[in-house]
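Engineer: Encoded as structure tokens, here's the structure I'll be asking about.
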Amino acid sequence: MTHHLDPDWIVPDWPAPPGVRALCTTRAGGVSTGPYASLNLGEHVGDVPASVAANRERLAQAIGARPVFLRQVHGTDVAVLDEATADDTEADAACTAHAGLACTVMVADCLPVLLTDAQGRRVAAAHAGWRGLAYGVRGGAVGSFEGNVGRPDELMAWLGPCIGPKAFEVGGEVKAQFEAADGQAARCFTPAGAPGKWLADLPALARLRLQALGVRQIHGNDGSAGWCTVSNPSRFFSYRRERVSGRLAALVWRER
């Protein structure tokens, strides 16, 4: 069960089955100060360790489950969580069928994706910027359901806040990499001001990737301004905006 969620936190609006809960934090509700104010959940960004520990404990108490915090390295590994899984396990996605364990990814511009199946037998969370999308971390997260709960078209996904399509400038090599994998990706890029630079729509790229993997139900971030971590400084942390920045967390879990 959930307990006392901060009213500013984002509770996904998606048709998750009974017993599956999900959440994305914002800057609100913690004890950190300065550029980390107030609910920084990242241990690796220069914040006072005691403040991070207090913030993580507040989150755990609020959701009534144990968030498992990964050591994210912009890779493609998926951690399969059980009661023995420790924080700081190296991976950029997590999945579990165990109740009371929250698959957790931290972000400060990258896109969090939460997943479950129609019966709520399994949950997963994936962290990805363009590298994760291009190299398939989402495929790993979606793939973690195979052989466990059936076909990808039985899954649903929720996209959380991330750097928006008016703020995410990339080089032509990034655009080319996505287009090589999926010709439809071209529509997710618009010319930026500088020669050879493009503005990338990360949520749209994620939707394409998930659809290509067979996921039909995709909810959440539609690329509109309210979801952009860069342009909403009072609500979201953003590494690109501030460099010295805290981390948000997106979580999905099965209730006990």
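Engineer: Which residue out of 114, 133 is at pLDDT 95 or above, open to solvent by less than 40 Å² (accessible area, probe 1.4 Å) and closer than 28 Å to residue 44 by Cα?
Structural biologist: The unique qualifying residue is 114.
Engineer: Which condition breaks for residue 148 when tested against (1) under 24 Å from residue 213 (Cα atoms); (2) polar (S, T, N, Q); (3) at pLDDT 95 or above; (4) surrounded by fewer than 22 Cβ atoms within 10 Å (Cβ to Cβ)?
Structural biologist: With respect to (1) under 24 Å from residue 213 (Cα atoms); (2) polar (S, T, N, Q); (3) at pLDDT 95 or above; (4) surrounded by fewer than 22 Cβ atoms within 10 Å (Cβ to Cβ), residue 148 is out only on (3).
Engineer: What about residue 22, is it in contact (Cβ under 8 Å) with a residue 60 or more places away in the chain, open to solvent by less than 20 Å² (accessible area, probe 1.4 Å) and touching a His at 6+ places or on another chain (Cβ under 7 Å)?
Structural biologist: Here the answer is no, as residue 22 does not meet what is asked.
Engineer: Give all pairs with beta carbons closer than 8 Å in which a residue from segment 106-133 that is polar (S, T, N, Q) meets a residue that is in a loop (DSSP other than H, G, I, E, B); count only pairs at least 6 apart in sequence or on separate chains.
Structural biologist: These pairs meet every condition: 116/16; 116/17; 116/122; 119/17; 119/149.
Engineer: Now for a separate question. Scan segment 45-72 for residues that are part of a loop (DSSP other than H, G, I, E, B), under 20 Å from residue 102 (Cα atoms) and open to solvent by 30 Å² or more (accessible area, probe 1.4 Å) and jot them down.
Structural biologist: Listed by number, the residues that qualify are 64, 72.
Engineer: Is it true that residue 87 is acidic (Asp, Glu), in contact (Cβ under 8 Å) with a residue 12 or more places away in the chain and buried (at least 23 other Cβ atoms within 10 Å of the Cβ)?
Structural biologist: no
Engineer: Could we say that residue 181 is touching a residue at least 40 places away in the same chain (Cβ under 8 Å) and open to solvent by 50 Å² or more (accessible area, probe 1.4 Å) here?
Structural biologist: Spelling it out, residue 181 is indeed touching a residue at least 40 places away in the same chain (Cβ under 8 Å) and open to solvent by 50 Å² or more (accessible area, probe 1.4 Å).
Engineer: Moving on to the next point. Taking interchain pairs and intrachain pairs at least six residues apart, which have beta carbon atoms under 9 angstrom, with the first residue in segment 1-18 and among the polar types (S, T, N, Q) and assigned to a loop (DSSP other than H, G, I, E, B) and the second modelled with pLDDT of 95 or more and crowded, with 17+ Cβ neighbours inside 10 Å?
Structural biologist: Going by the 9 Å Cβ cut-off, the qualifying pairs are 2/21; 2/23; 2/62; 2/63; 2/65.
Engineer: Another question, if that's okay. Could you list all residues from segment 235-256 that are part of a loop (DSSP other than H, G, I, E, B), among the charged types (D, E, K, R) and more than 19 Å from residue 53 (Cα to Cα)?
Structural biologist: Correct list: 235, 243, 255, 256.
Engineer: So, in segment 152-207, exactly how many residues are in a loop (DSSP other than H, G, I, E, B) and either in contact with a Ser or Thr (Cβ under 7 Å, 6 or more places away or on another chain) or not aliphatic (A, V, I, L, M) (or both)?
Structural biologist: Of the residues in that region, 13 qualify.
Engineer: Please enumerate the residues belonging to segment 136-145 that are modelled with pLDDT under 85 and not in a helix (DSSP H, G or I).
Structural biologist: Passing the criteria: only 136.
The values are calculated or read from the model by the stated rules, or taken from the named source; none is laboratory data. Owing to the predicted nature of the structure, the values given are computational and were not obtained by experimental measurement. Cβ atoms come from the backbone with ideal geometry, glycine included; neighbour counts cover every protein chain shown. When the accessible area is computed, the model is the full protein with side chains, heavy atoms only, and any ligands, DNA or RNA have been set aside. Shrake-Rupley method; radii C 1.70, N 1.55, O 1.52, S 1.80 Å.
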